[in-house]
1. Run the simple label-point estimate for Glu598 and His580 please: 7 Å along Cα→C-beta, distance reported in nm.
2. Before anything else, pin down the relative contact order of the chain: Cα pairs under 8 Å, at least 6 apart, normalised by residue count, whole percent.
3. Pull up all non-local amide H partners of Asn259: gap of 5 or more, or a different chain, and H-to-H distance under 5 Å with H placed in the peptide plane.
4. How long is the gain from Glu109 to Asp79 if the chain were fully straight, where each residue apart is worth 0.36 nm and the alpha carbon distance is subtracted?
5. To one decimal place, what Kirkwood hydrodynamic radius in Å is obtained for the chain from all pairs of distinct Cα atoms?
6. Neighbouring Cβ atoms within 10 Å as the yardstick, rank Phe397, Phe559, Phe430 fewest first.
7. For the stretch 43-298, what percent of Cα pairs sit more than 32 Å apart?
8. Could you please state, rounded to a whole Å, how far the C-alpha centre of the stretch 459-517 is from the C-alpha centre of the stretch 25-77?
Amino acid sequence: MLRLLHNASQPALKSTQRRFLTSRFYDRPTLDFLLFDNPAIITPPTDATTQQVLDSASSFVDRYHHLDPLFDKFEPQFDPAFMNDRSSPTVSPVKMHEQVKEVLDAYSEGGFTAMHEMDLPFPSLTAVSAITGSAFTSGVLGHWVLTQCAANLLKAFGSPDLVAKYHEPLTDGRWTGTMALSETQAGSSLVDISTKATPTDTPGTYRIKGNKMWTSGADHDMTENIIHMLLAKTPDNKISLFLVPKSIVNDDGSLGERNDYTINGVNHKMGCRGISNCYWSLGDNSDGATGYLIGEEGKGLQAMFLMMNEMRIHVGLSAALCGKRGHLESLNYALERKQGRSPTTKEKETIVNYADVKRMLLTQKVHSEGALALCLLASSLADSSKTSEEDKHVLDFLIPIVKSWPSEFCLEANKWAIQVLGGYGYTSDFPLSQIYRDNRLNMIHEGTHGIQSLDLLGRKIAGPGFPLLIERMAGCVERAAKTGDDEIVPMASHVKSAVERLVEVTKKLGGVGKSGDVQLMLANSHDYLNMAGTTVIGWLWLEMAIAAKAKSSDPSESFLHGKVNACQYFMIHELSKTKHQARLLESLDDTVIKTKVEEL
């Protein structure tokens, strides 16, 4: 059960801030509003446990948030003296800041690693991550995100014996897990991996030889074992999935000898330094590291997609949280920073009152809160898709957008957060430079923006998810129009036009693809993903505005009216950009195709 964390505090907010901010690290009122007051987006949790775990997550952040800048400053280091030291299960050549273990242990002891075993709705779990992740943008809690994904993958596809031996230590915080997919020559193109798996005389047991690259959390000395979910090719050259432990686990659950793999170094990253990223080799000292087959031979990618899609929701969420954290930090600054004078009173003016600063703050707000709503929607669909084929199809269509739209537009939000602070935003004295660097990874890992756009336009539009999504957005527009509300109805008209544009553009590009010119169809797929994503976010903002109006008709209620105002801003300043995107896409511009390499 979850152990609630109490007796924690964070820096007190000044009086002028309290009207707007409950925390500099997370936006609990918005989170509660999305979870409990937007049934058209998320099935509201009905159990009291959700509020308890959110309160506990808030206390965890209040107690430990001050450590995150240390993890950015003191990045993981590699000590080659320990490369071949196998004297104990935890010894490692990868050295983390000593307080990384303190945070990970506190998270585990607080019961957060076991939340998936409490049968909480996925949106509730996502909301907990929204609180904790906002304060730990360094990626330190990514150890547990990867571990939970590995545990879910094992439970879904592993044999009963493997589940019995490995699942509980992953969920109770004793061990961590990873995704070991990429290799030096095979990043996004996993079909090109060269790591080999040779079966032994023991059914389900293989010898693994090869190299892996870009593995987050591949090694450390903070837990007694690390479990890798690893892709390798069997002798028939088909890709299969294997469980590869750092230390072999005996039948009684005790740890045996160290497995034969070697950590060869760490990648020195621009951000997300709270978790190591390693390159390593398997089978250097034998006929191969020991690995255990997960699922069927030759179906490794299919199984891994379960973990990858879950990770893509987490990546989108991470980007949204960085965007929202930047918004809160810059709003906090703008509420206190005085610069210039009021033209009427001649008194020094706080910069939050300037129109251009409001523009930058509103842009951050609509991007980050829209992205957060999108990730919570995806979490809700992940739950409901277990029993609803329609929801499964809608989620399948949305996954590239969930991963990519927040990653691009919440990084843009961080740009404006830095700008609000001016020169101070460019220094390490304020957290925004770290947040920006941490967020920059999200456009890259778990499938780059370009690859996600190719998947969306090249494959997903032909599936059943697209028309089902269009139907849902159109249904929202119809409901909004029927309200007769002077603010809601015009916003519904904006969304209606954007949805119609998206349908027409999709038909045209789909027709180009069917005619055989797939290259031309996909030439501007990046713009298509952004257009589709912005349209979806416009729909979600309309849903939020409807919910805010239903909850309170008092225009003096600043929180709820702020949602309606933000929706209006998004419609006019952001959703309107889909007009240009539609013209560009329908023109079938082939500039990028015609450009010669020597012209770049």
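Just so you know, all these numbers are worked out from the coordinates, no wet-lab data involved. Only a predicted model underlies this, so the values are computations on that prediction, with no experimental measurement involved. Here the Cβ is made from the backbone with ideal geometry for all residues, glycine too, and neighbour counts use every protein chain on show.
1. 3.3
2. Numbers: 1086 pairs, mean separation 77.3, N = 600.
That works out to 13 percent.
3. Amide H neighbours of Asn259, under 5 Å, 5+ apart: Ser247, Ile248.
4. Details: separation 30, 0.36 × 30 = 10.80 nm, distance 2.92 nm.
Result for the pair: 7.9 nm of gain on full extension.
5. Working: mean 1/r = 0.0397 Å⁻¹.
In the chain this quantity evaluates to 25.2 Å.
6. Details: Phe397 23, Phe559 14, Phe430 17.
So the ranking, lowest neighbour count to highest, is Phe559, Phe430, Phe397.
7. On the way: 7180 of 32640 pairs.
For the stretch 43-298, the fraction of Cα-Cα distances above 32 Å is 22 percent.
8. 32
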